[in-house]
Amino acid sequence: MMASTWRQHCFLTQRLPLGLVPYLVLTLTTVFYGRGSAAHLTREVGGNVTFHCPVNRQRATDFVYLQRGEQFVNGFYDSKEKLTNTWTNTKFDRENSTVFMYNLNLNHSGTYSCHIRYKDQSEIVESTIILTVTAKYSKPTVTSVCREKNVQFCHVTCSSYSGSPKTQMIVQAVVGNTSSQIWANVVRNEVYNSSSMLFDSFSTAYYNCSSEEIKFSCSVGNVTSDEFTVCVPQRPNNTPVMAAAICIVVVVIVIVVILCCRRRAGVNGRRARVPTNDE
């Protein structure tokens, strides 16, 4: 049906005067927008969004308004000077037939509809807009705990807070030149915060450090942590050896000092016993 209408439009534009072509294109655009699939918008908490209602500017409108379900949001009625039941975080631009909504929160997610009626017809033209409000997760933080028995064993926990929608934390590990998202015994958890209506996302990975050190980062949604390293090879403890070496050096120095002092004392004694020519 749509393809047929478009072919008729192309045929007519070749025969109609150029002045009528923009009017015809606007009319067809309005029909396609109203009957086609819904428009999808995605914004973040605290941000703004603009709803564009597809009004044919060549025709006079009786009313243009936006609503969600049965709730009136904002709009324009030619028969009314002022509307009092509009949403407080919205503004209507009559010139562009748009509704500007600011200070978004998760409750603003939903299906909205534009309602348009022209003065030269009684039929109401409707179009659908779906708004999804998300919240950006915080940059993941990492804590690691390692213990050593026969082999070193580490578990690493990545944490991120106050995000939406519910999203799993991914541990991206890099071992040498090989990249992998699979660790041993990965445990993920998403916790809902009823006060903020947002989610906290956690992931704990357990790793047996029997091969080599591992570098990794954590990501949730489009937020990624810094790169961290675990399973670092243990360096030998040289503290006792260094302490012993220092003690030996000190003892040797003391002995040398004592020998020097005794030798000097002996020389002075012999000089004291030698008789002079006057005597």
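The values are calculated or read from the model by the stated rules, or taken from the named source; none is laboratory data. Keep in mind it's a predicted model, so treat the numbers as computed, not measured. Glycine gets a Cβ as well: all are built from the backbone with ideal geometry, and neighbour counts include every protein chain shown.
Identify, please: which residue in the range 221-242 is crowded, with 18+ Cβ neighbours inside 10 Å and closer than 25 Å to PHE153 by Cβ and is, among those, modelled with the lowest pLDDT?
The extreme case among them is CYS231.
For GLY266, all conditions in the list (1) at pLDDT below 85; (2) not in a helix (DSSP H, G or I); (3) not charged (D, E, K, R) hold save one; what is the number of the exception?
(2)
Does any residue of the range 194-208 turn out to be over 29 Å from SER162 (Cβ atoms) and at pLDDT below 70?
No, because not a single residue in the range 194-208 is over 29 Å from SER162 (Cβ atoms) and at pLDDT below 70.
Search the range 205-218 for residues being in contact with a strand residue (DSSP E or B) (Cβ under 7 Å, 6 or more places away or on another chain) and surrounded by fewer than 20 Cβ atoms within 10 Å (Cβ to Cβ), and hand back the single one that is nearest to VAL133 (Cα to Cα).
Residue satisfying both the conditions and the ranking: SER217.
Inside the range 83-108, can you point out the residues that are of a type in the set (S, T, N, Q), free of Cβ contacts under 8 Å to residues at least 40 places away in the same chain and part of a strand (DSSP E or B)?
Passing the criteria: only THR90.
Select from the range 109-163 the residues that are assigned to a strand (DSSP E or B) and free of Cβ contacts under 8 Å to residues at least 24 places away in the same chain and write down the one among them that is nearest to ARG188 (Cα to Cα).
THR143
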